[in-house]
Structures are given as structure tokens and as C-alpha cells.
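Following: one structure in C-alpha cells, then a few remarks.
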Amino acid sequence: AFRSPYIATSTCHPIVSFNDYLKFVSSHNKSAIPELKDTASDPLTEFLASEGKNIYFLADLLADRLLEAGFSGMGFGLRALGGGGQAEWEKVGVTAVLEGSIAVMQTFDARVARRWKSR
């Protein structure tokens with residue numbers, strides 16, 4: 001589940017999938033700031049391992065879903081798309097912010113942050 005000021009301002013709405021949320025936010029020209037949490041927790045890492053996956057699978061899945069939803073500017077400090085550095089982030093990121101199509105990915109896990117920066 002996740003929190004959103006876009007769908008739960010005065011009434012309680014059913015939980016929607018991440019994909020449906022991204023489609024809704026993108027179609028209403030809003031920005032998204034998803035956070036990948038608990039990537040170091042034993043229950044999560046054990047579950048992922050049981051499925052033959054790891055935290056990098058989740059990190060890539062989150063980034064890929066944002067791209068598929070049409071967000072034109074994705075950032076983690078610097079722009080995560082292509083890793084073109086600060087100049088590219090300023091060029092693309094500012095436009096994306098003004099157009100409401102930016103996605104800023106959040107995590108407390110330095111491994112995930114490095115993964116996103118390397119994309």
C-alpha cells in the first residue's frame with residue numbers, strides 16, 4: 001500500500017495497484033515520489049530469495065514501471081535515466097517538474113540508490 005494526496009483527500013478509496021496508481025497520476029499530470037522500503041529486512045529478502053529474486057529486481061521493477069507509465073524525468077539526486085549528470089538533470093528535470101511528469105525515486109538503501117544512479 002502507499003499514501004497519495006491525489007486519491008485520498010477526503011474519502012477512503014480502495015487500494016489500487018502500483019501500475020494503476022502511476023497511470024492515474026501520470027494521466028492527471030502529477031508527479032510521483034515512490035519509495036522502496038525495507039530492502040534490508042529479513043522477511044523481504046527471504047521472500048525474494050524464495051522466488052529467485054533480490055532487491056535489485058525490485059529496484060529495476062520500480063524504475064521500469066515509472067518509465068512504462070510515461071514519466072519523462074526520473075531522478076535520484078541526478079537523473080537516473082541514462083545517468084547524464086547534473087547538466088542533463090537540470091535540462092530534463094526542470095522541464096519535467098514544470099510539466100508535472102517527474103518521478104523521484106526514494107530509498108534508504110544505498111545499494112538500491114547506486115543501482116538507480118547507474119541506470
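A short reminder: the numbers here are calculations on the coordinates, not readings from a lab. In this text the structure is predicted, and so the values were computed from the model without any measurement. Heads up, the Cβs are rebuilt from the backbone with ideal geometry, glycines too, and the neighbour counts pull from every protein chain shown.
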### Query
Each residue of segment 58-68 in order: what ³J(HN,Hα) in whole Hz does its phi give by Karplus 6.51 cos²θ - 1.76 cosθ + 1.60, θ = phi - 60°, with x for Gly and Pro?
5, 4, 5, 4, 4, 5, 5, 5, 5, 5, 4
### Message
At R0 = 25 Å, how high is the FRET efficiency between residue 51 and residue 30 if r is their beta carbon distance? Nearest 0.05 is fine.
### Response
0.20
## Note on the structure
Label model pair residue 117, residue 60: point-to-point distance (7 angstrom along the Cα→beta-carbon line) in nm is 2.0
